[in-house]
Amino acid sequence: MKTLASCALHFAFCTLHFAFCISYSSVAHATQPARAADPSGKETSAAPSAVQLRTFSPGAVWPDTNGVHINAHGGGILYKDGTYYWVGEKRGRQQEALGFNVYSSKDLYNWRYEGVALAPVEGDPQHDLAKGCAMERPKILYNDRTKKYVMWFHLELRGKGYSAARAAVAISDKVAGPYKFLRSFRPNGNMSRDMTLFQDDDGAAYHIFASRDNVDMRICRLTGDYLGPTSEDRVISSDEREAPAMLKHRGKYYLITSACSAWAPNAARLYKADSIRGPWSNEGNPVRGPNANTTFGCQSTHVLPVAGREGAFIFMADRWRGNGNLIDSRYVWLPIQFDGDRVVIEWMDHWDLRWFDKAGRTDIPVGRS
Ligand code: DGJ
């Protein structure tokens, strides 16, 4: 199970979180006239949306090209051959896993549903992915050596709450899947809950995960085929953090994390290092402005480098609706700003990629001087 403190906080924050979501959703529906997702978790066959999105509207309903709110929570994005692929948790109302959905986009605003990349297994209660398990925070990398797409995710076994604390690995020849489940395990014997993957410039990949009942945040280098952990396995922090999201900019490594309060939002915290081997320093909360203490009601999931734009990164976070409506959880994407070597995240009601061209940025887009 999550730590006792985490569970207590979950209940304590529930009412507050509910009120918070209501106030934000009124803004969301005013700006995006799309349908919310089908709460049963089934994909609906709506007519393609005529609306071409040209902005990000953090916290709003985000319709896919069928006009249905995107169902890819706790996700990550891989850019491959001119297309972005977004993999995330397919959710219904309740906590039970429905697998992972994949969407594709060329412009980051308009997303086409590609299907289920990996589903829980029905009819085999002994299977690691037996229906009723929890499958969370999928991330995909492409392995240039094996030419395979490799997915890692957080797996909790059916009927065991959050006590299994395993990482799981799946593989595919195609980015959108279907993925073949390989195995689940505790990397080097360590518990593994919230997680992300990070691929460094030299092709080395790392699994970053909450361990020791969420007390430790660990980083473990993966094998050359990305299918398993190596013994290069270190502790980044022992501050009870989860929801890791990593970026590298101008040779420095940054890790955005949340505290542990189940589905309720809390203050983010940034860690920084000159080397991926550490040491990592605690840089405090990178979020500024009103609601910074709840990360704008969200929890980090991924940092997306914008393709072809040096220094352009998008902070991706989930505004969870953990009180029985997980499918309607919202996405909050915001540009990452750099103040010297400090990461700063500020709220924007609407924004678009031209923001990265604007004067005042400390980084110059590729091809500009
Ligand atoms: C917080 C984690 O970040 C989520 O991915 C999920 O595991 C919830 N806890 C469950 O309470």
Percent antiparallel among DSSP beta bridges confined to segment 39-358, rounded to 5, stands at 95 percent
Mind listing the phi-derived Karplus ³J(HN,Hα) values for segment 282-299, rounded to whole Hz, using 6.51, -1.76 and 1.60 with θ = phi - 60°, and x for any glycine or proline? 7, 9, x, 7, x, 8, 10, x, x, 6, 4, 6, 10, 6, 6, x, 10, 9
Footprinting proxy, 136, 240: sorted fewest to most Cβ within 10 Å, the residues are 240, 136
Using the Kirkwood formula on the Cα atoms of segment 39-358, what hydrodynamic radius do you get, in angstrom to one decimal? 19.5 Å
Excluding residue 237 itself, what net charge comes from residues whose Cβ is under 10 Å from its Cβ, given Lys and Arg +1 and Asp and Glu -1? 0
Give the peptides 65-72, 171-178, 346-353, 121-128 in descending order of average Cβ contacts within 10 Å, highest first. 65-72, 171-178, 346-353, 121-128
Enumerate the amide H contacts of residue 182 below 5 Å, restricted to partners 5 or more residues apart or on another chain; note that Pro and chain-start residues carry no placed amide H. 169, 170, 171
Amide H contacts under 5 Å for residue 62, restricted to residues at least 5 apart in sequence or on another chain and with H modeled in the peptide plane, are 70
Among 63, 142, 155, whose Cα projects farthest towards the positive end of the dipole of segment 39-358, with charges put on the beta-carbon of Lys, Arg (+1) and Asp, Glu (-1)? 155
Could you list 338, 356 in order of exposure, starting from the residue whose Cβ has the fewest other Cβ atoms within 10 Å? 338, 356
Computed FRET efficiency, Cβ-Cβ of residue 339 and residue 127, R0 45 Å: what is it to the nearest 0.05? 0.40
Fewest first, what order do 331, 113 take by the number of other Cβ atoms within 10 Å? 113, 331
Could you please report the charge total around residue 52, scoring K, R as +1 and D, E as -1 over all other residues with beta-carbon less than 14 angstrom from its beta-carbon? 0
Around residue 328: net Lys/Arg minus Asp/Glu count, Cβ-Cβ under 9 Å: +4
Using the Karplus curve 6.51 cos²θ - 1.76 cosθ + 1.60 with θ = phi - 60°, what ³J(HN,Hα) values do you get for each residue of segment 267-272, in whole Hz, with x for Gly and Pro? 7, 6, 9, 9, 10, 9
Taking a quarter of the surface of the convex hull around the Cα atoms of segment 149-251, what do you get in nm²? 7.2 nm²
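Bear in mind that the values in this text are calculations on the coordinates, not laboratory data. What you are looking at is a predicted structure, and each value in this text was computed from that prediction instead of being measured. In this analysis, Cβ positions are derived from the backbone assuming ideal geometry, glycine residues included, and neighbour counts consider all displayed protein chains.
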